[in-house]
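The values are calculated or read from the model by the stated rules, or taken from the named source; none is laboratory data. Source: prediction; values computed, not measured. We place every Cβ from the backbone using ideal geometry, glycine too, and count neighbours over all the protein chains shown. Quick note on the areas: whole protein, heavy atoms, side chains included, nothing else; ligands and nucleic acids left out. Shrake-Rupley method; radii C 1.70, N 1.55, O 1.52, S 1.80 Å.
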Amino acid sequence: MKTLINKILVFLFAGTVLLGCKKEEIMTTVGSGTAAVLNSSTASVVLVKADIDKTAMTLSFTKPDFGYSAAVSNTLQIAKTGTNFAGAKEFVMDAGKTSKAFTGLELNTLLLSMNLPTGTASGVDVRIKSTISAKVSPVYSNVVALNVTPFAIIEYLYMPGAHQGWNASAPDSLISETGNGIFVGTIQFTSSLSQYKFLKKKAWGAPEYGRANSEGDNAPSASLLVGGQNLVGPVTSAPYVTDNYEVIADLNANTVVYNLSSWGIIGSATAGGWSDDTVMKYNNTTKKWTITASLVPGAFKFRKNHNWGTNLGGSGGTLSDGGADISIAAAGTYTITLDPVAKTYSIQ
């Protein structure tokens, strides 16, 4: 019996050894491989909007060699000089391709995503990371150092005027999200025929955009002229001496357009009751509406363009179209913030 047990133990031990050898064979790893060699068509790139569709830089590299035939994934890594690629941005190269021609737009977008300053040269490092499997360590090419100068895609047109005290150092602004010469913003005008001008910087001086003398002072301006007289804003309608308008300035066509675009609070808790809106003010940066107002116990809702066609109500900070009245329990001065896109609000 003892002999039989010993034979069984020997058999089990042998099987374990064989299994271990088989497992070790499966986990055998490949060598580190030969990395790609990276080259750039230029060492310095100054990007400008006029050349946004042209090739700004071409990166090319030799194929890496892992010692056997395998599908290789190549990824461009780009990081600020001196960071050792910590937090590097990555761009996956097309399969089988060993070069990439970046247009001005592609490269500029990549650089802006790194929060590099615009209009100023910055140093970046570029390399290729090559991988074939999660079980095999990646190999990295040589590092290519570049000097790059991205440009700002978003542009601003500043709008000092009677509606904000003619303060050129802290003006309202219109925004061109793509830098295409068309600027849009929501401005709160404080009186009928409020006058203003457009500036390209937060200071008086050329270029200043005004209107032709022939347009006169008694109607909202429709055209833009470098120099010229003060532009005239839209006519606000009683009882809303203060009101908000979307202003669209097109520097390509030299035109300016005004569209009523206003939110307010209305209800028994507000100064105007359920008859008149108390107009809110839009922030073109945060894209939210705010107002600080004295309220009394009662209720209110948010209403667009002084019309019940679009109104928001709710509770707990969440709004819905045509939702319930929002209650105010105690009299006091409240700051109310509205995000009509997310349909949320806050009261302090």
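Brief remarks follow.
- Farthest towards the positive end of the charge dipole of the chain, among the residues N167, V124, S237, is the Cα of V124, using unit charges on the Cβ of Lys, Arg, Asp and Glu.
- Since only N180, G228, G205 are under comparison, the one whose Cα sits farthest along the positive direction of the charge dipole of the range 169-232, derived from C-beta charges on Lys, Arg, Asp and Glu, is G205.
- Normalised per residue, the accessible area of the chain is 53 Å², obtained with a 1.4 Å probe and no contribution from ligands, DNA or RNA.
- Anisotropy class of the chain from Cα gyration tensor, a/c 1.5 cut: oblate
- T42 contributes an accessible area of around 40 Å² to the protein surface, as traced by a 1.4 Å probe with all chains present.
- For the chain, size of Cβ-based charge dipole, Lys and Arg +1, Asp and Glu -1, in debye: 1500 debye
- The charge dipole of the range 168-224, taken about its Cα centre with unit charges on the Cβ of Lys, Arg, Asp and Glu (plus for the first two, minus for the last two), comes to roughly 200 debye.
- Given K63/K129; K301/K343; K201/K281; K100/K129, the pairs whose alpha carbons are separated by over 18 Å: K201/K281
- The range 82-176, accessible surface, carbon-and-sulfur percent (1.4 angstrom probe): 50 percent
- Degrees separating the helix 2-26 axis from the principal Cα axis of the chain, which is the longest one: 50 degrees
- Computed label-point distance, nm, for sites T83 and V241 using a 7 Å Cα→Cβ extension: 5.3 nm
- For the range 115-133 versus the range 197-235, the spacing of their alpha-carbon centroids is 43 Å.
- Accessible surface for I187 stands near 0 Å², nearest 10, in the context of the full protein assembly shown (1.4 Å probe).
- Judged by the ratio a/c of the largest to the smallest principal axis of the C-alpha gyration tensor, the range 194-306 counts as prolate, that ratio being 1.5 or greater while a/b is larger than b/c.
- Prolate/oblate/rounded label for the range 68-203 (Cα gyration tensor, a/c 1.5): prolate
- Computed accessible area, Y282, all protein chains, 1.4 angstrom probe, square angstrom: 50 Å²
- Applying both filters, DSSP loop and at most 16 other Cβ atoms within 10 Å, to the chymotrypsin sites (Phe, Trp or Tyr not before Pro) of the range 156-185 gives W166.
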